[in-house]
Amino acid sequence: MSTRPPLPPFNEHSAREKVRLAEDGWNSRNPEKVALAYTVDTQWRNRSTFIHNREEAAAFLTAKWNKELEYRLIKELWAFTDNRIAVRYAYEWHDDSGNWFRSYGNENWEFDENGLMKNRFACINDLPIAASERKFHWPQGRRPDNHPGLSELGL
């Protein structure tokens, strides 16, 4: 079994690092790569979708990024304990008709001893926005280190 550092138990530094690594992974929009951060029997609740393993997670992410175009995500640490992390996040995307959205959410994560996420519970709300209201303007991929986070953007 491979490991995904940083490993629990988390401290503030390692929890922030884990959140940024998750953000970077999701901003890659590579479902197969992202799915490797989860246990083979990972359990998710994402809106009204329930996922029961890594393969379902990869399929879910493939469908998500086929629908949510120009996807850009920012995650921020909210709280942490030994092997759990809570985050808040926002992401911007548009549909195939060019309608823009900012999706806001909170996630609770639980990790195994190898640093793989075994549970992910997400609550998400979508807000239609005009293209002129977008705040996430970096090129597709990893958010640049100098780009403001959620708190700095007033989100």
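The values are calculated or read from the model by the stated rules, or taken from the named source; none is laboratory data. For clarity, every value in this text was computed on a predicted model and none was experimentally measured. Cβ coordinates were reconstructed from backbone atoms using ideal geometry, including for glycine residues, and neighbour counts include every protein chain displayed. For accessibility, only protein heavy atoms count, side chains too; no ligands or nucleic acids. Shrake-Rupley method; radii C 1.70, N 1.55, O 1.52, S 1.80 Å.
Kindly provide the set of residues from the stretch 3-38 that are open to solvent by 20 Å² or more (accessible area, probe 1.4 Å) and part of a loop (DSSP other than H, G, I, E, B), ordered by number. Residues satisfying the conditions are 3, 4, 5, 7, 8, 9, 11, 29, 30, 36, 37. Restricting attention to the stretch 102-119 and to residues that are crowded, with 16+ Cβ neighbours inside 10 Å and of a type in the set (Asp, Glu), the residue that is farthest from residue 53 (Cα to Cα) turns out to be 107.
Out of 122, 79, 131, 90, report the one residue that is open to solvent by 40 Å² or more (accessible area, probe 1.4 Å), in contact with a Gly (Cβ under 9 Å, 6 or more places away or on another chain) and at pLDDT 95 or above.
131
Of all residues in the stretch 39-58, none satisfies the criterion of being assigned to a loop (DSSP other than H, G, I, E, B), of a type in the set (Ser, Thr, Tyr) and surrounded by 15 or more Cβ atoms within 10 Å (Cβ to Cβ).
When the stretch 1-50 is filtered for residues that are out of contact with any Gly (no Cβ under 8 Å at 6 or more places or on another chain), touching a residue at least 60 places away in the same chain (Cβ under 8 Å) and of a type in the set (Val, Ile, Thr), the ones remaining, listed by number, are 19, 39, 42.
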